[in-house]
Amino acid sequence: MMAIEDETRIFEIRAYKKAALTIETLQEDVEDIYAKGGIKALMELPGVGKSLAEKIEEYIKTGRMKKYDDYKKKYPIDLKNLTQIQSLGARKAFRLYKSLGVRNIGDLKKAIGKKKVRKLKGFGEKSESELAKGITMLESGGGRMLLGKALPEAEAMIRKIKESGLAERAEIAGSTRRRKETVGDLDLLVITKSPEKMSTFIEKMREVEGIIVKGQTKITVRLRIGLNCDVRMLERKSFGAATQYFIGNKAHNVKLRQIAIKKSYKLNEYGLFNKKGRRVAGEEEKEIYEILGLQYMEPEMREDRGEIELAVQHKIPKLVQLEDICGDLHIHTTYSDGSDTMEEMIKAAITLGREYIGFTDHSKSEYVAKGMNDSKFRKYSAELDSLKKKYEGRIKILKSAETDILKDGRLDFGRKILEEMDYVLATIHTNLNMPQKEMTDRLVRCIESGMVDMIAHPTDRLINLRPPLNLDLDRVFQAAQDNGVVMEIDSFPERLDLGDENIIKAREYKLKFAIDTDSHRTTHMGFMRYGVYTAKRGWLKKEDVINTLRFGDLMKHFAKRG
Ligand code: DGT
Ligand code: CA
Ligand code: CA
C-alpha cells in the first residue's frame, strides 16, 4: 500500500521488507523475544529500528497496527490475494481499483467477464486474457499449499508437541511426509497417555485458528496459515501401523492390504493381525513391511507407481540423500537479482558444509532480473577470480551464468564469455507462449549446440501460478541424453522443476540431473532438501545426480565436455 501511494518512498518500503524477512526467518517466535527482552530485544533484530520495533510492540500488545489500519481504510483492496495472480502487481491492482472498483478476485473476474479490463489504459486485450489465465491457475491449485510452506509449519508444531511433555512420540504423516510438492492438509500422529490434555494443548497452540472437529483421539483444527490439520492420538502398540496407514498414499495402502489378505493377515491402522486375531506387528512401521515379505521403502516412494512390485522382488533402489550433496550449482548474487553479495553467499555455503558453489547470475536479456551485459560479466568474473583465491582451501568456487536461451535457441552470451565459464547453465525466461513445436525446437537447438552443460528449471512452471512451457519433453530428454546435457531439479519450493513426474519420465533416458537451490539470498540455500525430496520421489540414486560428485570428479565431468 505504501508503494501504491508513493513510489519514491522506496527506502522506507525496503526497510519494512527487510524487517519482515528478519521476523519471518527467526528461529524463535517474535512474541517470545519481546516477552523476554521487551522493545530493546526487538531493536537488536537485524533491520529493526526504533520505529519498527514500536509497531511490532503495538501489534503484539493489541493485535492491530494503526498505520496498517489507516492504510486499509484508504485502500480497501484485497492486495494479498490479488497480487497472487501472476502478472498482477500492487500498482496495477490499484489502477483496477481506481478505475473499475475492483477490490478482490471476485470483482476482477466480473470485470474481465464484462470485457472492461481491456479498455483500460495500459492493459489491453492481451493483458486481460493473461489475468484471466492467472486466476484460473490460482484457483485450479484447489487450495493445496506448497510443501515449502506446509512442512516447516508441521515441523514447528511437532517440536512444540514434543516439548509439551504430553507426548512420548510425534511424527508427520500424510502427503507432507511423502514430501509431495503440494499438500491438502497436515496429518500429525502423537503417542500420548492423556489425549484430552493433548487436545487442549493443540487447541491453544499459536498456530491454531480454531477447532473444526474434536473427538476422543482425533482433533481437526484450522491453522492460521490457511490449512487444516488432523492430529491423531495413539497408543504405542499401534503407532507403527498408524504411521504406515496415514503416510499413505491411499492406493499404496490398498495394494499393501491386498498382499496382507493373500497371506492370511489383516492389516489396518491399528496393526497387522494373524488369522487368530493376534497382533503380529504394529509398534514399528518397518515390521509390517518385513512380515509381509516386502523390502522397506522411504515414504517418498509410496505413490503406487510400481514401488510395491519392486519391494516384492527386494529391488528398491538406494535413493539419493541430502548428505550426498556436495555443492550447489545455481546461485544468484547482487550482480543480478540476488539480495546478498558473492561473499555472503560463499560464507553461507561454507557454514552448510558445501564443498563447492557455482555462481550463476542472469544474462542481459533477463532485464527484469537486472541481468549482466558483457562488461558487467567482466567485473563479475574478476571478482569471482579473486574470491576463488581468497577462499582457497575452504570452498571451491565455480564460474557460470544463468544464460538466457533466445527465441531461436542461441544463447545470450557470445562464445568468448561462455568459454570463460566453468560450465554453462542455460534457461528459457522470455517468450514463454510459443507453440509446442517451436518451443521444443528452441530448447533442443540449444541442447544440441554443444555450448551448454545444464538446463535450469527446464519447464519454467511455477506451482499454482504458471503452467509449464509447452514442450515435447521426450524430444528434450532424448536430445539431452544424446548431448550429455544435465537437467536441473530446481529446489525452490514454487518451482520444483523438474518435478517428480517429469523426473520419472526422464529416467527412461540416460540422463544426469543436478539438484540446485537457485538461491537469491543466503537463507534460500536451505531449500536444497526440497530438491532432494523431489529427486527421491522420482526414484533417483546418488549416481544420477552430478552434484553428489566430489569437486575433482565434477571438474572431470565438465572437462570431458570441453
Ligand atoms: P492430501 O492431504 O490431499 O495432500 O493427501 P494425503 O495423502 O495426506 O491424504 P489424507 O490427508 O486424506 O489422508 C492421509 C493418509 O491416510 C492417506 O495418504 C492414506 C490414508 N487414508 C486416508 N483415507 C484412506 C482410505 O480410505 N483408505 C486407505 N487405505 N487409506 C486412507
Ligand atoms: Ca493430508
Ligand atoms: Ca488428513
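For this structure, a couple of remarks:
- In range of the label at ASP337: residues from the range 485-514 whose backbone nitrogen is under 16 Å from the point 7 Å along Cα→Cβ: 490-497
- Once the C-beta distance of LYS214 and SER99 is scaled by a Förster radius of 41 Å, the resulting FRET efficiency is 0.30 to the nearest 0.05.
- Sites LYS110 and GLU290, calculated FRET efficiency, Cβ-Cβ separation with R0 41 Å, nearest 0.05: 0.10
- Residue-count net charge about LEU151 - beta-carbon cut-off 12 Å; Lys, Arg +1, Asp, Glu -1: +3
- Multiplying the residue separation of MET555 and ASN228 by 0.36 nm and subtracting their alpha-carbon distance yields 113.0 nm.
- Lysine pair count for the range 145-234 (Cα-Cα distance under 23 Å; residues 8 or more apart in sequence or on different chains): 21.
- Extending 7 Å from the Cα toward the beta-carbon at both ASP474 and ARG279 defines two label points whose distance is 5.1 nm.
- Amide proton proximity set for ALA401, modelled H, under 5 Å, gap of 5+: LEU425
- 32 Å tail of the calculated P(r), the range 322-561, as % of Cα pairs: 11
- Förster radius 41 Å - calculated FRET efficiency between GLU54 and LYS197 (Cβ-Cβ, nearest 0.05): 0.60
- Taking amide H atoms as placed 1.01 Å from N in the peptide plane, the amide H of LYS396 lies under 5 Å from those of TYR356, ILE357, each 5 or more residues away in sequence or on another chain.
- Stretch gain in nm, segment LYS262-ILE350, where the contour uses 0.36 nm per residue and the Cα spacing is subtracted: 26.4 nm
- Carbon + sulfur, % of accessible area of the range 239-312 - ligands and nucleic acids excluded, 1.4 Å: 51
- Of all DSSP beta bridges in the chain, antiparallel share, percent nearest 5: 45
- The phi-based Karplus calculation (6.51 cos²θ - 1.76 cosθ + 1.60; θ = phi - 60°) puts the 3J(HN,Hα) values of the range 50-66 at 4, 5, 5, 4, 5, 5, 5, 4, 4, 5, 5, 6, 10, x, 9, 9, 4 Hz, whole numbers, x for Gly and Pro.
- Within the chain: Cβ-based charge dipole about Cα centre, in debye rounded to nearest 20 (Lys, Arg +1; Asp, Glu -1): 1500
- Whole-Hz couplings from phi, Karplus 6.51/-1.76/1.60, listed for the range 72-86; x for Gly and Pro: 4, 5, 5, 10, x, 10, 7, 4, 4, 7, 4, 6, 6, 6, 4
- Taking every DSSP bridge with both residues inside the range 145-234, close to 75 percent are antiparallel.
- For the range 325-414, the list of GluC sites (Glu not before Pro) that fall in a loop by DSSP and count at most 15 other C-beta atoms within 10 angstrom reads GLU392.
- Counting only DSSP beta bridges with both residues in the range 322-561, the antiparallel share comes to about 10 percent.
- Gain upon complete extension [ARG64, ARG415; 0.36 nm per residue less C-alpha separation]: 120.7 nm
- All aspartates and glutamates inside 16 Å of LYS61 as judged from Cα atoms, apart from same-chain residues fewer than 8 positions distant: ASP29, GLU31, ASP32, ASP69
- Phi-derived couplings, Karplus 6.51 cos²θ - 1.76 cosθ + 1.60 at θ = phi - 60°, listed residue by residue for the range 268-276: 8, 6, 9, x, 10, 10, 8, 4, 7 Hz, with x used for Gly and Pro.
- Remark on THR517: its backbone amide H falls under 5 Å from those of LEU329, HIS330, SER491, a criterion applied only to residues 5 or more positions apart or on other chains, H modelled at 1.01 Å from N.
- Computed about the Cα centre, the dipole magnitude for the range 322-561 is approximately 380 debye when only Lys and Arg (+1) and Asp and Glu (-1) carry charge, each at its Cβ.
- Probe 1.4 Å, protein heavy atoms only - accessible area per residue of the chain in square angstrom: 49
- Percentage relative contact order, the chain, counting C-alpha pairs under 8 Å, at least six apart: 9
The values are calculated or read from the model by the stated rules, or taken from the named source; none is laboratory data. None of these values were measured; they are calculated from a predicted model. Using ideal geometry, Cβ is built from the backbone for each residue, glycine included, and neighbour counts are taken over all protein chains shown. For the accessible areas, the whole protein counts, side chains as well, though only heavy atoms, and no ligand, DNA or RNA atoms are used. Shrake-Rupley method; radii C 1.70, N 1.55, O 1.52, S 1.80 Å.
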